[in-house]
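The values are calculated or read from the model by the stated rules, or taken from the named source; none is laboratory data. Small disclaimer: the values here were computed from a predicted structure and weren't measured. Glycine also receives a Cβ, built like all others from the backbone with ideal geometry; neighbour counts cover every protein chain displayed. With ligands, DNA and RNA removed, areas are computed over all heavy atoms of the protein, side chains included. Shrake-Rupley method; radii C 1.70, N 1.55, O 1.52, S 1.80 Å.
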Amino acid sequence: MTSSAEKIDASSAGTWRLGDLTVNRIGFGSMRLTQNGAAFADGAPSDRKRAIGVLRDAVELGVNHIDTAAFYFSALRSANELINSALAPYADDLVITTKVGPGRDPSGAWTWATPEQLRGQVEENLRQLGRDHLDVVNLRLAPSGATAPVAEHFGALAELRDAGLIRHLGVSNTSREQLAEARSIAPVVCVQNAYGIDSPADDHALLRFCGEEGIAFVPFFAIVGSGREGGAGGTEREEVLAVARAHDATPAQVRLAWTLHQGPHVLAIPGTGNPDHLVENIAAGALRLTSDDLALLAP
């Protein structure tokens with residue numbers, strides 16, 4: 001897909017603005033840095049040196065948007081600590097996006113923060129990352145709570161934004177109704193939802209709405225789809241394989257490229273602890289699908 005003469009760089013897919021922060025549309029998700037195998041399972045901790053190397057390689061390849069969370073950790077590794085160790089002091093153009101709402105106790109058991117507990121989660125991210133403010137904080141909503149009100153939680157984050165601890169706000173795992181509720185309280189610069197080729201019609205509609213409103217849409221699980229935290233698996237769609245063969249690309253690259261083709265406001269945050277996969281993911285930003293490709297891959 002990429003000739004030896006072409007330089008692989010995250011800028012190949014163009015840029016978008018998160019509020020007043022300009023980022024390359026190909027970013028990096030840190031969830032898979034902390035352990036081998038499925039995220040949040042009981043796999044062996046990752047190799048620390050390799051994980052730090054992947055982060056540094058990502059920045060060298062033009063990534064200036066990294067997604068993380070304090071609840072990304074394994075028995076011996078913390079994504080935030082790895083980011084801090086690898087990249088601090090941070091480049092002026094590096095945007096670190098995190099999320100709050102869910103939490104995990106030392107045993108790994110999940111909890112959900114009350115509005116009053118969100119400040120503690122924000123401060124934990126600040127401490128681990130070594131920052132005096134967070135660039136973007138997403139309020140992650142429970143997957144089963146598509147109709148749950150968000151005003152109290154989002155209002156608590158808006159107060160922290162006013163206090164200078166947070167620069168911009170987003171919402172994650174959100175419905176259109178919850179997005180509207182959040183926007184009635186404070187500006188929303190991004191929506192971070194699970195999304196990919198196989199997503200249902202409502203998800204495509206929300207992506208288009210965000211584009212109309214100038215809100216960044218940041219899909220997670222764009223490559224793995226229903227595999228979610230467990231990663232890619234099973235049989236790939238023949239349409240994806242056909243497009244991959246036509247472009248001498250991998251199915252993962254086709255899925256990423258398809259996602260980016262859904263609008264200039266769509267940002268990708270593929271995550272990996274594998275340096276070779278990192279290069280492949282960033283190279284996908286330069287993959288230009290044809291109208292025939294897009295018709296073949298249409299949901």
So between residue 238 and residue 104, what do we pick up on full extension, going 0.36 nm a residue minus the alpha carbon distance? 44.4 nm
FRET efficiency, 1/(1 + (r/R0)^6) with R0 25 Å, evaluated for residue 163 and residue 56 via beta carbons: 0.20
When the chain is fully extended, how far beyond the present Cα-Cα distance does residue 248 get from residue 111, taking 0.36 nm per residue of separation? 44.9 nm
Give me the 1.4 Å probe accessible area per residue for the chain, excluding ligands and nucleic acids, in Å². 44
Rounded accessible area of residue 7 (nearest 10 Å², 1.4 Å probe): 150
Apply 1/(1 + (r/R0)^6) to the Cβ-Cβ distance of residue 44 and residue 123, taking R0 = 25 Å, and write down the FRET efficiency to the nearest 0.05. 0.25
Along the positive direction of the dipole of the chain (beta-carbon charges: Lys, Arg +1; Asp, Glu -1; about the Cα centre), which of 186, 44, 149 reaches farthest? 44
Most mobile listed residue (56, 237, 119) in the chain, GNM with C-alpha springs under 10 Å: 237
Computed lengthening from residue 295 to residue 7, 0.36 nm per intervening residue step minus Cα-Cα distance: 100.8 nm
Quick query: amide H of residue 168 versus all other amide H atoms, modeled in the peptide plane; which residues come in under 5 Å with a sequence gap of 5 or more or a different chain? 136, 137
Out of residues 5 or more away from residue 268 or on other chains, whose amide H comes under 5 Å of its own, with H placed 1.01 Å from N in the peptide plane? 26, 27
Using θ = phi - 60° and the Karplus curve 6.51 cos²θ - 1.76 cosθ + 1.60, what whole-Hz ³J(HN,Hα) does each residue of segment 23-37 get, with Gly and Pro shown as x? 10, 5, 6, 9, x, 9, x, 9, 4, 8, 7, 8, 7, 8, x
Accessible surface of the chain [probe 1.4 Å, protein heavy atoms]: carbon and sulfur percent: 51
Protection proxy (average C-beta count within 10 Å per residue), highest first, orders 64-72, 153-161 as 64-72, 153-161
Could the peptides 129-137, 291-299, 194-202 be put in order, highest first, of the mean number of other beta-carbon atoms found within 10 Å of their residues? 129-137, 194-202, 291-299
